[in-house]
1. Taking amide hydrogens as modeled 1.01 Å from N in the peptide plane, which residues meet the under 5 Å criterion relative to VAL112, leaving out close sequence neighbours?
2. Just to compare against my own numbers: the Cα pair-distance distribution for segment 75-126, 10 Å bins, whole % per bin, please.
3. Could you please state, rounded to a whole Å, how far the C-alpha centre of segment 272-345 is from the C-alpha centre of segment 67-124?
4. For each of SER62, SER309, count neighbouring Cβ atoms within 10 Å of the residue's Cβ, then give the residues from fewest to most.
5. Rounded to whole Å and sorted largest first, list the principal axis extents of the Cα atoms in the chain.
6. What is the Cα radius of gyration of segment 79-206 over 2.2 N^0.38 Å, N being its residue count?
7. State, in angstrom, two size descriptors of segment 225-279 derived from its alpha carbons: Rg to one decimal place and Dmax to the nearest whole number.
8. For SER3, list long-range residues whose amide hydrogen, built 1.01 Å from N in the peptide plane, is under 5 Å from its own amide hydrogen.
Amino acid sequence: MESYDVVVVGAGSAGSYAAYLLAKAGLSVALVEMKSRDRVFKVTGDAIGEHHINRMAIKPPSNVFMIKYEGAELYSPDMSVKYVVLGKGYGLDMGKWARWLIGEAERAGVTVLDNHKVQGPIIENGKVVGVRVLKPDGSIEDLMSKVVLDASGVGAVVRSRLPREWWISEPLLPEDASHAFREIIEVDYDIERPEYIKIYLDANVAPGGYWWLFPKSRNTMNIGLGLWGKLSEELGLNPRHNYEKYLMNSNYTRGRRVIHVGGGIVPTRRPLPSLVGNGVLAAGDAAVTVNPVHGGGIGPALLSAELASKAIIEAFEKGDYSESGLWRYNLEYLRAYGIKQAMLDVFRLMLQTLTNDQLNRGLRARLLTEDEVLEISEKGTLELSLFQKIKVGLRLMRVPDVASKLRLALRYMGEVKALYSEYPSEPRGLPQWYSRLVDLYRRYAGDLGITLKWVSQRF
């Protein structure tokens, strides 16, 4: 049995960065990873906004960046409309990125335990006091700690094994996720405008989601698609099947030479009811911090790691590792990103009800301009002057069926923002607040004409 101040589970972006920050603060940290350290590789779109890099406490080396982006091109299903949304970012070499982060954590004093598989949390007297791991030699060992940070990805191997009455343990349902598949390939032509990522809305290719082409150089790309998990569950849709049917042999993949293949589940939902419990926190995909609309998760993972680390450091200063002692993480996360995430979840659900015809007509009528799309994606809201509201109103008149859904989404986004702004300052206020959240989503789902399982049950 080994003891540490903090055990961090998962050596991805969130886990490695959090481990680094905690070790730099003087805490003893174990970073537990089920894979070997040279095989930590998240299957993702590989893109990250420049502002997330600038926020980091350490500067990444240039070799982790494969390309610099200037923005995104968004295409309508019939390809008749293209939006260009500006925003600087990078395409990462995910293998080099992961190895760099793990190396920085180790240099800061973190004990890296790769090839160790976490079996679950150790709970004593109603609090998490460590994790049980399967070691490379097949033996079992208990790693004890004051605090455990679950950064194990969408599987959430600690959080998902906590008692159901713990708010942090809320499971991820298919209706709150995307099922994705992608390839990294080399092609035999020069990609047009490789400094822009390309996003394609098409309910046939990617029902309830989108397909993408993210250049990684002039002739290499990350190309794939994500489907709404609700449709995958109800209709048996498979993202790899759709990729092979619509994209694998398309004009976009001419001369295709496969470099890497992979897929997975992407959490695209509102924040968890709570990111903390007694002796435990969650960060990154394990804490469902992904942007609900575009599915970007690397930047939010880093942000959640930073905020979780601050809460842990403060807990050690006070000697209080309880749910109450870690509660500031919830409040800081909501202020920094979580409220926006909740608002974008509302917008996401509206988008997933639109048909190709509605998307074509709505984009053609420019119900939202590029600047307004950027404002929603950055802030989760749309603030307009009276003159702008008049102009938007005139645009909305062109496509009344789509406009009614947009108005509905914007109204509920405002309600969600107001509710999350009243998130309780201490744990005892959470049950009442959560019941209000359920009621709000139940009304919204009814107005949209969809069913959501989570509003009809408390886990």
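We did not get these values from a lab; they are worked out from the coordinates using the rules stated. Since we're looking at a predicted model, the values are computed, not measured. All Cβ positions, even for glycine, are placed from backbone atoms using ideal geometry, and neighbour counts span all protein chains on display.
1. Long-range HN contacts for VAL112: LEU31.
2. Per 10 Å bin, starting at zero, the Cα-Cα P(r) for segment 75-126 comes out as 16, 22, 23, 17, 18, 5, 0 percent.
3. Value for the Cα centre distance between the two parts: 17 Å.
4. The order, fewest Cβ neighbours first, is SER62, SER309.
5. Result for the chain: principal-axis Cα extents of 65, 54, 40 Å.
6. Working it through for segment 79-206, the quotient is 1.51.
7. 16.7, 54
8. Close amide H contacts, sequence-distant or interchain: MET144.
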